[in-house]
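Encoded as structure tokens, the structure appears first; notes follow it.
The values are calculated or read from the model by the stated rules, or taken from the named source; none is laboratory data. In this text, all values refer to a predicted model and were calculated from it rather than measured experimentally. Positions of Cβ are backbone-derived with ideal geometry, glycine not excepted, and every protein chain shown enters the neighbour counts. Just so you know, the surface numbers come from the protein's heavy atoms only, side chains and all, with ligands and any DNA or RNA stripped out. Shrake-Rupley method; radii C 1.70, N 1.55, O 1.52, S 1.80 Å.
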Amino acid sequence: MRITGTGHASMRIDTAAGSILCDPWVNPAYFASWFPFPDNSQLDWETLGDVDYLYVSHLHRDHFDAEHLKRFISKKATVLLPEYPTSQLEDELRDLGFTSFFRTKSDEVHELDGGLKVMIQALISPTDGPIGDSSLWVEHDGIRVLNQNDARPSDLTRFNELGHVHAHMLQFSGAIWYPMVYELPDNAKTAFGKQKRERQFDRTWRYIDDLKADFVFPIAGPPCFLDDDLWQFNDIHGDEGNIFPDQSVFLTEYAKVGGTNAVVQLPGSVTELSDGGRTQSTTHPMPVDEFFANKVAHLEEMRERKRPALEAEKASWRHPEIDVLGELKKRIEPLLEESIYLAKGVGGPVRFDLVSYDGEEIESIVVDFPGKQVRPYADEKVRYRFKTQRELIEHLIFIDEGDWVNSLFLSCRFSAARIGQYNEFVYAFFKCLSEERLQYAEGWYDEHEKAVDAEDIEFGDWTVQRRCPHLKADLSRFGIVEGNVLTCQLHGWKFDLPSGRCLTGVGHKIRATKNS
């Protein structure tokens, strides 16, 4: 089996029974804030895109690159489609010209032509990607690989059941806007970022230990930020709170926990798995150590080369003819009327401060969840406030974007402030600005609200429900107790055991009793 690195979470898997291209991403994403790093735009994509199968794990734009898929990927390829509750991924791929789809069943092994076996595990909570994330397991001639990309399953039991995995590809770096965009003192932002960075690595070590593959491939991050306004987010400034460590940092941190089996791929690197998957040899377009030793120079060269395209995209965002308040009322108020769980979960008004083109004036608009309306800000107290450029909201309206998380928020082109705990319902709602998505999310929360988790586990002096109230992670694997606080290490959520109260976000009370 041959694995060619094609950048970020993308790879091409070649076997005697066929080839699979995974998650090809080349063009800037999220309002041109994210770029693949190392740069993969100069690969031979005409050849790489001539494949038998295409796998797009989910709709995040650093995995689903519509422009690149349309231009370079063969429309003869059969799409390996995860079992998602909405049809949006298939619909968007059909719009790009793909016509052949193999609809998989989640957690079910499918045998394709020539004995090539695949299994896709789909995660389908409203907080998994843009309504869904997935992992791809591949087996041919006794060699098994797992492309976990940036999916976060509660455990890897299903993959272990299928036999020993030889190559494990997984995320290790950040893919979020927290805490960089929050209006916090620098020391607090650094402290929160350091916690986030450590938690990312802890989660990665746990997945690696669960699967115990022969070889570990760090993928799916980090992006790089080439806009001058975002340059500080690159991990080149000695900031211990930066959440975007690169592959060279991964190697250093992995060695600290005894890791010796990592394989770093640059775009164009080729790994051959042989001897039943127990042996690997990798060739690179240039030495990996040398590349990362010159990271700043690579970034600066890339910034200048990409600057014209970046400036052209930024110039396309302004739509002064749009009545922002009027259009938001038209789009969002019907969804507020239909929302029960998400509106209740948000529980108050959310404020958007829109900065004018000249940076002088601010128009403040409130999405009033209890009042079920979008209206001008009326000097009331709000728990969540976002500040961004007016043209970004204009462009979201212009393109009828139904997922502000997968556009505005991941762009990091905003600042935020909040009072109190993190509220996942805020971001869940702005991920669901369409009838189909909202109805799915409401149904998911309704189902989980009514579900009773009866199984318990013991943590020293405490008896605790086994599944985390947040996203049902197995606390026997991901839970740790320090004093009276239980932490679920999968997403970092904390619970006060005596009261059952969630310390990290709104809702999600845990069931816990002190043993006598």
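Residue-wise test of (1) part of a helix (DSSP H, G or I); (2) farther than 25 Å from Leu251 by Cβ; (3) without any contact (Cβ under 8 Å) to a residue 24 or more places away in the chain.
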site	(1), (2), (3)
Leu273	no, no, no
Pro285	no, no, yes
Phe291	yes, no, no
Glu300	yes, no, yes
Arg307	yes, yes, no
Arg318	no, yes, no
Arg331	yes, yes, no
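Taking the criterion of being in a helix (DSSP H, G or I) and not charged (D, E, K, R), the residues of the range 21-73 that qualify are Trp45, Thr47, Leu48, Ala66, His68, Leu69, Phe72. Restricting attention to the range 209-230, the residues being touching a helix residue (DSSP H, G or I) at 6+ places or on another chain (Cβ under 8 Å) and hydrophobic (A, V, I, L, M, F, W, C) number 5. The set of residues in the range 467-495 being charged (D, E, K, R), open to solvent by 40 Å² or more (accessible area, probe 1.4 Å) and in a strand (DSSP E or B) consists of Arg467, Glu482, Lys494. The listed residues are Ile120, Ile124, Ile73, and the only one of them that is at pLDDT below 95 and touching a Pro at 6+ places or on another chain (Cβ under 7 Å) turns out to be Ile124.
Quick grid of which residues meet (1) in contact (Cβ under 8 Å) with a residue 60 or more places away in the chain; (2) under 23 Å from Ser33 (Cβ atoms); (3) hydrophobic (A, V, I, L, M, F, W, C):
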| site | (1), (2), (3) |
| --- | --- |
| Glu380 | no, no, no |
| Lys387 | no, yes, no |
| Phe430 | no, yes, yes |
| Gly443 | no, no, no |
| Leu475 | no, no, yes |
| Val485 | no, no, yes |
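For the range 169-207, taking the residues that are open to solvent by less than 40 Å² (accessible area, probe 1.4 Å) and among the small types (Gly, Ala, Ser), the one that is farthest from Asp275 (Cα to Cα) is identified as Ala188. Selection of strands (runs of 3 or more DSSP E) fully inside the range 78-168 by the criterion of at least 2 residues being aliphatic (A, V, I, L, M) and open to solvent by less than 30 Å² (accessible area, probe 1.4 Å) returns 78-81, 117-123, 133-140, 143-149. Open to solvent by 40 Å² or more (accessible area, probe 1.4 Å), at pLDDT below 90, under 28 Å from Pro498 (Cα atoms) and in contact with a helix residue (DSSP H, G or I) (Cβ under 8 Å, 6 or more places away or on another chain): does that describe Asp456? The answer is no for Asp456. Taking every residue in the range 393-405 that is outside any loop (DSSP other than H, G, I, E, B) and pairing it with any residue that is surrounded by fewer than 20 Cβ atoms within 10 Å (Cβ to Cβ) and of a type in the set (Phe, Trp, Tyr), at least 6 positions away or on another chain, the pairs with Cβ-Cβ distances below 9 Å are Glu394/Trp317; His395/Trp317; Phe398/Trp317; Val405/Tyr427.
Scoring Asp400 on the criteria (1) over 20 Å from the mean Cα position of the chain (by Cα); (2) at pLDDT 90 or above; (3) open to solvent by less than 10 Å² (accessible area, probe 1.4 Å) leaves a single failure, condition (3).
Screening Asp289, Asp228 for residues that are over 25 Å from the mean Cα position of the chain (by Cα), open to solvent by 50 Å² or more (accessible area, probe 1.4 Å) and at pLDDT 95 or above leaves exactly one candidate, Asp289.
Taking the residues in the range 77-101 that are touching a strand residue (DSSP E or B) at 6+ places or on another chain (Cβ under 6 Å) and among the β-branched types (Val, Ile, Thr) as candidates, determine which candidate is nearest to Ala441 (Cα to Cα). The selected residue is Val79. Condition check: open to solvent by less than 60 Å² (accessible area, probe 1.4 Å), out of contact with any Gly (no Cβ under 6 Å at 6 or more places or on another chain) and either within 23 Å of Glu313 (Cβ to Cβ) or part of a strand (DSSP E or B) (or both). Does Asp210 satisfy that? Spelling it out, it is not the case that Asp210 is open to solvent by less than 60 Å² (accessible area, probe 1.4 Å), out of contact with any Gly (no Cβ under 6 Å at 6 or more places or on another chain) and either within 23 Å of Glu313 (Cβ to Cβ) or part of a strand (DSSP E or B) (or both).
The set of residues in the range 345-366 that are in contact (Cβ under 8 Å) with a residue 60 or more places away in the chain and either in a helix (DSSP H, G or I) or open to solvent by 50 Å² or more (accessible area, probe 1.4 Å) (or both) comprises Gly345, Val346, Gly347.
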